[in-house]
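Visitor: One structure coming up, written as structure tokens, with questions to follow.
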Amino acid sequence: MNVIGKVTVLPQLPDSVARLSELAYNLYWSWTPHAQALYQELDYGIWERFQHNPVRTLLEVPQSRLKEVAADPAYLKRYAQVMADFDAYMGKKDTWAARNVPDMKPVAYFSMEYAYHESLPIYSGGLGVLAGDHCKSASDLGIPFTAVGMLFHQGYFTQLFDKDGWQNETYDELDLTTLPITPALTQSGEEARVSVVIGNRTVHSRIWNLNVGRIKVLLLDTNVPQNSPEDRKLTARLYGGNQELRVQQYVLLGVAGIRALRLLGIPGDVYHMNEGHAALLGLERTREYVEAGLDFRTAVETVASSTLFTTHTPVPAGNDAFGYDLMDRYIGSWPAQLAASRDDLYALAEHEQMWDGHPVPTFSMTVFALNMSRAANGVSELHGEVSRDMWKFLYPGAETEEVPIGHVTNGAHNLTFTSQAMRDLLGTVLPADWTERLEDEAMWQAVENLTDAQLSDVQLVMKRDMITFVRGRMREQKVRNGASAADVAATDTLLSENALTIGFARRFATYKRATLLFRDRERLSRIVNHPDRPVQFVFAGKAHPADNPGKAFIQEIYKVSQEPEFRGKIVILENYDMHVARHLVQGVDIWLNNPRRPLEASGTSGMKASFNGSPNFSVLDGWWREGYDTTNGWPIGEEREYADLNVQDDADAYSLYHILENDIVPRYYGQATGDASWAHTVRRAIETCSPRFSMQRQVIDYVQKYYVPIAARGAQLAASDSARAREIASWKGWVRQQWPHTTLSAQAALPATSQPGQTVPVTATVNPAGINLTELRVEAVLNRAGQLTHVPLTSRGDGTFSADVPLNESGLYSVGVRMLPVVDGLSNDLEARLIKWA
Ligand SMILES: *Cc1c(COP(=O)(O)O)cnc(C)c1O
């Protein structure tokens, strides 16, 4: 039809169910199936058709139906229970934070994407799920926390396969009145607006408020009439445009995001940048301090001391970097606003890269984030190592292991991904308050009390749900693509509830190697078509719209799934989102992940599967390298790096088939007992992974390792008009200027051989130039089989330093001597980035 206008007619809720609307506007329901059931019961068709969206369901359901449930005693009873639970959750005083960090300072968390629920499609994949889950657990734990992000009004994209299995993307304009968001209001009750200058335009954003349990999320939206048509599209699509659009989105997130917090009077003592997308918040915070009278360097010290940066990208090319000319176009006015030169500002982001065969300085978001923070972390132990290695060039002279990038291993929000059936079962053996103590490893041992039959019954329920879901989705796809009646009918028999079912779903980035399984099709066919012990596979995942190799992987799987020998036994589902993810992690028997090590920074979907008793079968990369304990799932391949990717793929594929045939399949089909039995593996997966990879554990780690110390240090540096920050800034300026004039020479009287426990005398002679001798650390560095020990030399006050350095073990030692400038109040010894080796 020809639309001339639109109007939203708001529902009139009968008094007895009036709070359905309030609840719809708090994503508490997104991890509370009983709460969702209240809306689903209103109208199952509407609920399914509109992505399980309570706000939309209330809008669409006939007024008569609302009257009906308002008079239905059974419904009202369930309603009362959900509301009581909701009120108890929202009003809870005795939270983890209240008990453990009662005076915790507020955290402001910035992320480009958030995945809370399929009905709010402002995410693309794992990064968004991680950010969304982080908010949910921050709420559960009761920590003071506000998140800032973007309202993408066309979302990421909807993925549709054509009849040849090629991915097409569609973008639908979201109708904001159907989302669980409300305009954020200023103290005086006005709709909040912030503006930022991008290039030579003033771009206005409105701010939406989203409630996630106890915490708030602010979402920026430039789709307002004051903006030009192009600027209205700045928040249209996530990761949709070219580099130009990306930079502008980063300016918005960082700068407008900080302004939104200020306008609404929301405090932040710690700023957490989730990935380099958020790095430009450092610009605005620095500007605030400069405007208040600080010089640029002091402002930067103050800002950085209260900022944490989490990096997620273990591949150099995955880290955004932009040409200086491009940055000039969009942040050209910032040096002046910061009372800095362009060189000073860009030096904080400089990453020299080869472009067209020439070394070119680029503005790297990751480098800027590392320089605008004084704490940084990767997202698993291995990813921490990889990150230290990737960014060590920023710390010339440092050994890789001392590069100040730590790690917090990711987790997932248990309740969001655990089925109601499994939650009910867990409730029979875990204590009543188990959902509040998810990180408690000892508590989870009670899972041992679940019987084999209890587990297999619940898993069958989940698997049937999943199969029904898969069949429905495949039918829709076939009908849309004009398949024959026979093909459509065949979707009714896809997958068998009796076959071992393996799930593989994630973004189709090529390093995730979705097609590794197909390296030896004959062998795969024997596994799938075994007469007594069949195996079936369910795939899903989106490729980035510009990633043709990723799309080719999807098509390859689709084509295999159409071959007679694999029909109905290998399926690939469209439009992987949180809804599909929940069905798969709950319904499959095991979860497969075979990325090219070490490129999976963490991965989280295998955690979600483990929560539901589907053990993980994965390359020992990311979280699984820490999670796998020989009893709770299976490894693929070896813990090593390969020079030749083809060799790596062959070795990993071989390992995958071998373990599947010789361990997993026989175990699933009951050919192993005791500790080798299937149920034992399932129990171990649940009890080991649920606490250790709970988002609750992750957020507690962030609080203890980063948020609390950063708040303290930030306050110290900012106190008395940033007095300490000023001292550190001017000290750094001074030592940097003096450094080229310093000299260091060292002697060690090393015998040809020595014995364990002997010492060797080491002396060094220093010309400190203008640097105070007490501010130089001179140390011997011992390297024994890659293990480093640092032994400080004692100053004799005359420019010489010495120590008797112990060689405690037998073995080959290399001995070096270096000096570095240190002063009280630094976040770490390498902070001045000056190291001189003798
Ligand atoms: C959990 C999840 C991801 C991330 O999975 P990985 O294991 O990190 O690849 C991506 N998309 C959705 C919808 C998810 O639920």
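The values are calculated or read from the model by the stated rules, or taken from the named source; none is laboratory data. Here the structure is a predicted model, which means the values were calculated and not measured. No Cβ is skipped: glycine too gets one built from the backbone with ideal geometry, and neighbour counts run over all protein chains shown. Quick note on the areas: whole protein, heavy atoms, side chains included, nothing else; ligands and nucleic acids left out. Shrake-Rupley method; radii C 1.70, N 1.55, O 1.52, S 1.80 Å.
Visitor: So is Gly165 over 22 Å from Tyr271 (Cβ atoms) and crowded, with 16+ Cβ neighbours inside 10 Å or not? Steps first, please.
Guide: On the way: over 22 Å from Tyr271 (Cβ atoms): yes; crowded, with 16+ Cβ neighbours inside 10 Å: yes.
For Gly165, the condition - over 22 Å from Tyr271 (Cβ atoms) and crowded, with 16+ Cβ neighbours inside 10 Å - is met.
Visitor: What are the residues in the stretch 536-549 that are closer than 22 Å to His579 by Cα and small (Gly, Ala, Ser), if any?
Guide: Ala540, Gly541, Ala543, listed by residue number.
Visitor: Next up: Restricting the first residue to the stretch 820-838 and requiring it to be closer than 13 Å to Val766 by Cα, which pairs with a second residue that is of a type in the set (Asp, Glu) meet a Cβ separation below 6 Å and a spacing of at least six or different chains?
Guide: Listed by first residue and then by second, the contacts come to Pro821/Glu775.
Residue-by-condition table, conditions (1) out of contact with any strand residue (DSSP E or B) (no Cβ under 7 Å at 6 or more places or on another chain); (2) without any contact (Cβ under 8 Å) to a residue 40 or more places away in the chain:
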residue	(1), (2)
Trp624	no, yes
Gly637	no, no
Glu641	yes, no
Leu656	no, no
Asp663	no, yes
Arg667	yes, yes
Gln671	yes, yes
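Visitor: Has the stretch 208-218 got at least one residue that is free of Cβ contacts under 8 Å to residues at least 24 places away in the same chain, open to solvent by 10 Å² or more (accessible area, probe 1.4 Å), outside the structural domain of Leu59 (by TED's automatic domain parsing) and in a strand (DSSP E or B)? First the steps, then the outcome.
Guide: From the stretch 208-218, those free of Cβ contacts under 8 Å to residues at least 24 places away in the same chain are none; that's our starting set.
No, the stretch 208-218 contains no residue that is free of Cβ contacts under 8 Å to residues at least 24 places away in the same chain, open to solvent by 10 Å² or more (accessible area, probe 1.4 Å), outside the structural domain of Leu59 (by TED's automatic domain parsing) and in a strand (DSSP E or B).
Visitor: Tell me the residue from Asn612, Asn646 that is open to solvent by 20 Å² or more (accessible area, probe 1.4 Å) and either within 16 Å of the ligand (Cβ to nearest atom) or farther than 28 Å from Asn168 by Cβ (or both), please.
Guide: Asn646
Visitor: Could you list, in sequence order, all residues of the stretch 526-556 that are within 16 Å of the ligand (Cβ to nearest atom) and closer than 20 Å to Leu660 by Cα?
Guide: Val538, Phe539
Visitor: Taking the stretch 525-572 only, how many residues are outside any helix (DSSP H, G or I), within 17 Å of Ser124 (Cβ to Cβ) and in contact (Cβ under 8 Å) with a residue 12 or more places away in the chain?
Guide: Start the filter on the stretch 525-572 by keeping residues that are outside any helix (DSSP H, G or I), which leaves 529-547, 563-572.
Those left that are additionally within 17 Å of Ser124 (Cβ to Cβ): 540-547.
Filter again for in contact (Cβ under 8 Å) with a residue 12 or more places away in the chain, leaving 540-545, 547.
Summing the residues that are outside any helix (DSSP H, G or I), within 17 Å of Ser124 (Cβ to Cβ) and in contact (Cβ under 8 Å) with a residue 12 or more places away in the chain in the stretch 525-572 gives 7.
Visitor: A further question on this structure: Please pick out the residue among Glu288, Glu284 that is out of contact with any strand residue (DSSP E or B) (no Cβ under 9 Å at 6 or more places or on another chain), within 14 Å of Gly257 (Cβ to Cβ), in contact (Cβ under 8 Å) with a residue 24 or more places away in the chain and surrounded by fewer than 24 Cβ atoms within 10 Å (Cβ to Cβ).
Guide: None of the other options fit; the residue is Glu288.
Visitor: Would you list the strands (runs of 3 or more DSSP E) that sit entirely within the stretch 120-189 and hold 1 or more residues that are within 16 Å of the ligand (Cβ to nearest atom)?
Guide: Details: elements: 145-150, 158-161, 167-170, 181-183.
It comes to 158-161, 167-170.
Visitor: Of the residues that make up the stretch 40-56, is at least one more than 16 Å from the ligand (Cβ to nearest atom), over 30 Å from Leu253 (Cα atoms), in contact with a Phe, Trp or Tyr (Cβ under 8 Å, 6 or more places away or on another chain) and of a type in the set (A, V, I, L, M)?
Guide: Scanning the stretch 40-56 turns up no residue that is more than 16 Å from the ligand (Cβ to nearest atom), over 30 Å from Leu253 (Cα atoms), in contact with a Phe, Trp or Tyr (Cβ under 8 Å, 6 or more places away or on another chain) and of a type in the set (A, V, I, L, M).
Visitor: Can you report the number of residues in the stretch 502-518 which are aliphatic (A, V, I, L, M), over 10 Å from Phe553 (Cβ atoms) and within 11 Å of the ligand (Cβ to nearest atom)?
Guide: The total comes to 1.
Each row is one residue, and each column tells you yes or no for (1) among the small types (Gly, Ala, Ser); (2) modelled with pLDDT of 95 or more; (3) under 18 Å from Ala499 (Cα atoms).
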{"position": "Trp591", "(1), (2), (3)": "no, yes, yes"}
{"position": "Pro598", "(1), (2), (3)": "no, no, no"}
{"position": "Ser614", "(1), (2), (3)": "yes, yes, yes"}
{"position": "Leu620", "(1), (2), (3)": "no, yes, no"}
{"position": "Asn632", "(1), (2), (3)": "no, yes, no"}
{"position": "Arg640", "(1), (2), (3)": "no, no, no"}
{"position": "His658", "(1), (2), (3)": "no, yes, no"}
{"position": "Asp663", "(1), (2), (3)": "no, yes, yes"}
{"position": "Ala676", "(1), (2), (3)": "yes, no, no"}
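Visitor: Next up: Name the pairs whose Cβ atoms lie under 9 Å apart, with the first residue in the stretch 432-457 and basic (Lys, Arg), the second in a helix (DSSP H, G or I), and 6 or more positions between them or separate chains?
Guide: Listed pairs, sorted by first residue: Arg437/Trp96; Arg437/Met443; Arg437/Pro691; Arg437/Gln696.
Visitor: Here is a further query. Considering the stretch 378-390 alone, what residues qualify as being in contact with a His (Cβ under 9 Å, 6 or more places away or on another chain) and surrounded by fewer than 24 Cβ atoms within 10 Å (Cβ to Cβ)?
Guide: Those that are in contact with a His (Cβ under 9 Å, 6 or more places away or on another chain) and surrounded by fewer than 24 Cβ atoms within 10 Å (Cβ to Cβ): Glu381, Gly384, Glu385.
Visitor: Does any residue of the stretch 86-100 turn out to be assigned to a helix (DSSP H, G or I), more than 23 Å from Arg262 (Cβ to Cβ) and either within 16 Å of the ligand (Cβ to nearest atom) or hydroxyl-bearing (Ser, Thr, Tyr) (or both)? I'd like the intermediate steps shown before the answer.
Guide: In the first step, residues of the stretch 86-100 are kept if they are assigned to a helix (DSSP H, G or I); the result is 86-91, 96-100.
Subsequent filtering for residues that are more than 23 Å from Arg262 (Cβ to Cβ) retains 86-91, 96-100.
Among the residues that remain, those that are also either within 16 Å of the ligand (Cβ to nearest atom) or hydroxyl-bearing (Ser, Thr, Tyr) (or both) are: 89.
Yes, there is a match, as at least one residue in the stretch 86-100 is assigned to a helix (DSSP H, G or I), more than 23 Å from Arg262 (Cβ to Cβ) and either within 16 Å of the ligand (Cβ to nearest atom) or hydroxyl-bearing (Ser, Thr, Tyr) (or both).
Visitor: While we're looking at this one, here's another question. Tally the residues that are open to solvent by less than 20 Å² (accessible area, probe 1.4 Å) and of a type in the set (Gly, Ala, Ser), restricting the search to the stretch 656-678.
Guide: 1
Visitor: Please count how many residues of the stretch 575-587 are within 12 Å of Phe469 (Cβ to Cβ) and either more than 8 Å from the ligand (Cβ to nearest atom) or open to solvent by 20 Å² or more (accessible area, probe 1.4 Å) (or both).
Guide: Result for the stretch 575-587: 6.
Visitor: Six or more apart or on different chains, Cβ under 7 Å: which pairs go from a residue in the stretch 85-98 that's touching a residue at least 40 places away in the same chain (Cβ under 8 Å) to one that's of a type in the set (Ser, Thr, Tyr)? Could you list them?
Guide: Close Cβ pairs (under 7 Å, with a partner that is of a type in the set (Ser, Thr, Tyr)) amount to Phe86/Tyr28; Tyr89/Tyr28.
Visitor: I would also like to ask the following. Among the listed residues Val69, Val3, which satisfies the condition of being under 26 Å from Pro183 (Cβ atoms) and either open to solvent by 50 Å² or more (accessible area, probe 1.4 Å) or in a helix (DSSP H, G or I) (or both)?
Guide: Testing whether each residue is under 26 Å from Pro183 (Cβ atoms) and either open to solvent by 50 Å² or more (accessible area, probe 1.4 Å) or in a helix (DSSP H, G or I) (or both) leaves just Val3.
Visitor: Can you tell me how many residues within the stretch 679-696 are open to solvent by 10 Å² or more (accessible area, probe 1.4 Å) and of a type outside the set (Ser, Thr, Tyr)?
Guide: The qualifying residues number 6.
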